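**Student:** One structure, pasted below without further comment.
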Amino acid sequence: MSEETPTAAPGEPIVRAQGLVKRYGELRALDGFDLEVHRGEIVVLIGPSGSGKSTALRSLNGLEHPDEGTLVVLGREVLDLDTDMDAHRADVGMVFQHFNLFPHMSVLDNLCLAPKLVRRTADADAKRRGRELLERVGIGEKADEFPDNLSGGQKQRVAIARALAMEPQLMLFDEPTSALDPEMVGEVLAVMRDLAERMTMIVVTHEMGFAREVASRVVFMDEGKVVEQGPPTQLFDDPQEARTKAFLEMIL
């Protein structure tokens, strides 16, 4: 694991965001965002485009720096300028809409690069772990291929395996299927369903069927803040807030 990897105390949330504000000029992408996530939860963020979902997720990983509020993830004060963000990102895996694979490197080498550079994992150990992860996501035979030879769904599965290669304590998914052709969405969601049985995950997605099936809690966001949250059956079948009801009526 990373040097001096902290963690939340037993029973404490591993994510605690309070009053996060993120400004881009006059726009408030986050406007008092609050969220707590406990170990083992699968939390799905939903909401209209521009509601702040991706900004919230990127803040958890330190890719965005909110202007106000407090943010503690895995025991780290993420907004503290003295926090080692490289160590933080090693413990918080993230999968993006686009795959961001190195095209000049094989699939296996894409998986091995970060563990060797950041975790100081031996080459043989990194390759063994990489092959195990590729088998887990169903593309073990693609280890020696180059990314340009893969389908979009296969590339996203490589991206998931690459994040897992760092042995993160928390996984973040930012609309991981939005750039895929419809027939490829299912294979990526299947991998995520498998991961949900063993990891803490926060997922931004428009796949409401996945949210209903897999989430332990669904969080509806609008205008940079949490409007309503609850178990999938409650939020989808009996939403309490008018804004939530209006959103769900448009998409369901």
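The values are calculated or read from the model by the stated rules, or taken from the named source; none is laboratory data. Owing to the predicted nature of the structure, the values given are computational and were not obtained by experimental measurement. Counting neighbours? That spans all protein chains shown, and the Cβs are built from the backbone with ideal geometry, glycine included. For the accessible areas, the whole protein counts, side chains as well, though only heavy atoms, and no ligand, DNA or RNA atoms are used. Shrake-Rupley method; radii C 1.70, N 1.55, O 1.52, S 1.80 Å.
**Student:** Trypsin sites (Lys or Arg not before Pro) within the range 111-151: which are DSSP loop residues with at most 11 other Cβ atoms inside 10 Å? Spell out each step's value before the answer.
**Tutor:** Numbers: sites: Lys116, Arg119, Arg120, Lys127, Arg128, Arg129, Arg131, Arg136, Lys142; in loops: Arg119, Arg120.
Answer by residue number: Arg120.
**Student:** With the calculation restricted to Cα positions, what are the radius of gyration and Dmax of the range 148-252 in angstrom?
**Tutor:** Considering the range 148-252 through its Cα atoms, Rg and Dmax are 15.0, 47 Å.
**Student:** Using the heavy atoms of the protein chains alone and a 1.4 angstrom probe, what is the accessible area of the chain per residue in square angstrom?
**Tutor:** Values: 11470 Å² over 252 residues.
Per-residue accessible area for the chain comes out at 46 Å².
**Student:** On to the next question. Please list 3J(HN,Hα) in residue order for the range 201-213, calculated via the Karplus relation 6.51 cos²θ - 1.76 cosθ + 1.60 where θ = phi - 60°; whole Hz, with x for glycine and proline.
**Tutor:** 9, 10, 10, 9, 7, 9, 7, 5, x, 4, 4, 5, 7
**Student:** In whole percent, and with a 1.4 Å probe on the protein chains, what portion of the accessible area of the chain is carbon and sulfur? Display every interim value, and only then the final one.
**Tutor:** Working: 5380 of 11470 Å².
Solvent-exposed carbon and sulfur of the chain make up 47 percent of the total.
**Student:** Can you send over the solvent-accessible area of Glu68, 1.4 Å probe, protein chains only, in Å² to the nearest 10?
**Tutor:** Taking all protein chains as shown, Glu68 has close to 80 Å².
**Student:** Cross-chain or 8 or more residues apart, Cα under 25 Å: how many lysine pairs in the chain fit that? Count them up, please.
**Tutor:** Summing the qualifying lysine pairs gives 12.
**Student:** How high is the FRET efficiency from Glu77 to Glu132, r the C-beta distance, R0 51 Å, rounded to 0.05? Intermediate values should be presented prior to the final figure.
**Tutor:** Values: r = 34 Å, r/R0 = 0.66.
According to the calculation, E is roughly 0.90.
**Student:** Sort Asp174, Asp34 from largest to smallest accessible area, using a 1.4 Å probe on the heavy atoms of the protein chains. Present the calculation step by step, with values, prior to reporting the outcome.
**Tutor:** Details: Asp174 10, Asp34 80 Å².
Correct descending sequence by accessible area is Asp34, Asp174.
**Student:** Provide the gained length on full extension for the span Asp238 to Leu113, in nm with one decimal, where the gain is 0.36 nm per separating residue minus the Cα-Cα distance. Can you show the working numbers first?
**Tutor:** Numbers: separation 125, 0.36 × 125 = 45.00 nm, distance 4.63 nm.
Stretched out fully, the Asp238 to Leu113 stretch lengthens by 40.4 nm.
**Student:** Further question on the same structure: Using a 1.4 Å probe, how large is the accessible area of His38, given in Å² and rounded to the nearest 10?
**Tutor:** 70 Å²
**Student:** If you count only protein heavy atoms and use a 1.4 Å probe, how large is the accessible surface of Met85, to the nearest 10 Å²?
**Tutor:** 40 Å²
**Student:** Additional query: Dividing the convex hull volume of the Cα atoms of the range 62-122 by its residue count, what figure in Å³ per residue is obtained? Write down the numbers at each step before the final one.
**Tutor:** Numbers: hull volume 7.1 nm³, N = 61.
Per-residue hull volume (Cα only) is 117 Å³.
**Student:** In addition: In nm, what is the difference between 0.36 nm times the number of residues separating Thr70 and Lys245 and their Cα-Cα distance?
**Tutor:** Extending this stretch completely gives an extra 60.0 nm.
**Student:** Can I ask one more? If a/c stays under 1.5 just call it rounded; otherwise compare a/b with b/c (prolate if a/b is bigger, oblate if not). Do that for the range 92-203, with a ≥ b ≥ c from the square roots of the Cα gyration tensor eigenvalues.
**Tutor:** Here the range 92-203 falls in the oblate category.
**Student:** Same structure, new question: Tell me the trypsin sites (Lys or Arg not before Pro) within the range 52-115 that lie in a loop according to DSSP and have at most 16 other beta-carbon atoms within 10 Å.
**Tutor:** Answer by residue number: there is no such site.
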